[in-house]
Amino acid sequence: MAAAAGRAGLGHAAAWKMLGKRMEGMASAAWVRCLFTRSRIPDSVFQPRPGDHEKYGGDPEQPHKIHVVTRIKSVVGRPYWEKKIIRDLGLDKAHQPRLHKNIPSVNSRLKVIKHLIRIQPLKLPYGLPTEEEMSDTFLRSNGELVIKRHLKPAEQKEIKS
């Protein structure tokens with residue numbers, strides 16, 4: 001309607017008068033939308049704070065090598081770029097942990113969806129599993145990779161009578 005008024009030779013002021021209150025609501029929504037686009041989020045939001053290492057554990061000089069990433073919130077109503085990152089990282093199902101390397105390319109993607117996920121370091125309380133032990137490992141919800149040790153049968157000694 002505003003475009004028709006513009007083509008009819010009326011100026012913007014006349015178009016505003018013609019549309020009245022309906023156009024005011026539309027203009028304010030467009031104005032607010034441009035403030036919260038992906039590129040407008042300041043980098044200071046993503047900078048680590050001094051208390052983060054004490055809160056989450058870990059040493060900043062010796063960072064962990066693998067993240068345990070779990071999606072904890074829904075992607076319904078989220079922007080398309082967040083849904084794409086969730087899909088690309090394999091986090092389609094909620095509360096299903098996935099392992100990802102702690103490298104800048106992955107971290108930059110996790111930074112965009114940090115409000116939808118939980119990131120924990122992979123903890124190895126029993127050390128790295130061997131090839132034979134890989135089938136007997138499981139991942140706990142706190143990020144520990146546990147190896148189920150199977151007991152070997154003890155050798156029985158002959159009883160001499």
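The values are calculated or read from the model by the stated rules, or taken from the named source; none is laboratory data. Quick caveat: nothing in here was measured; it's all calculated off a predicted structure. Note: ideal-geometry Cβ built from the backbone for every residue, glycine included; neighbour counts use all protein chains shown. Ligands, DNA and RNA are stripped out before the accessible areas are found, and what is left, the full protein with its side chains, is counted by its heavy atoms. Shrake-Rupley method; radii C 1.70, N 1.55, O 1.52, S 1.80 Å.
Expressed as a whole percentage, what fraction of the accessible surface of the stretch 112-161 belongs to carbon and sulfur atoms when a 1.4 Å probe is rolled over the protein heavy atoms?
Here it works out to 53 percent.
Determine, for each peptide in 134-142, 80-88, 62-70, the mean count of other beta carbons within 10 angstrom over its residues, then list the peptides with the highest first.
Order by mean packing, descending: 62-70, 80-88, 134-142.
Would you mind getting me the FRET efficiency between residue 131 and residue 158? Use the beta-carbon distance for r and R0 = 45 Å, nearest 0.05.
0.80
Work through the residues other than residue 93 whose Cβ is under 15 Å from its Cβ and net out their charges, Lys, Arg +1 and Asp, Glu -1.
Charge balance near residue 93 sits at +4.
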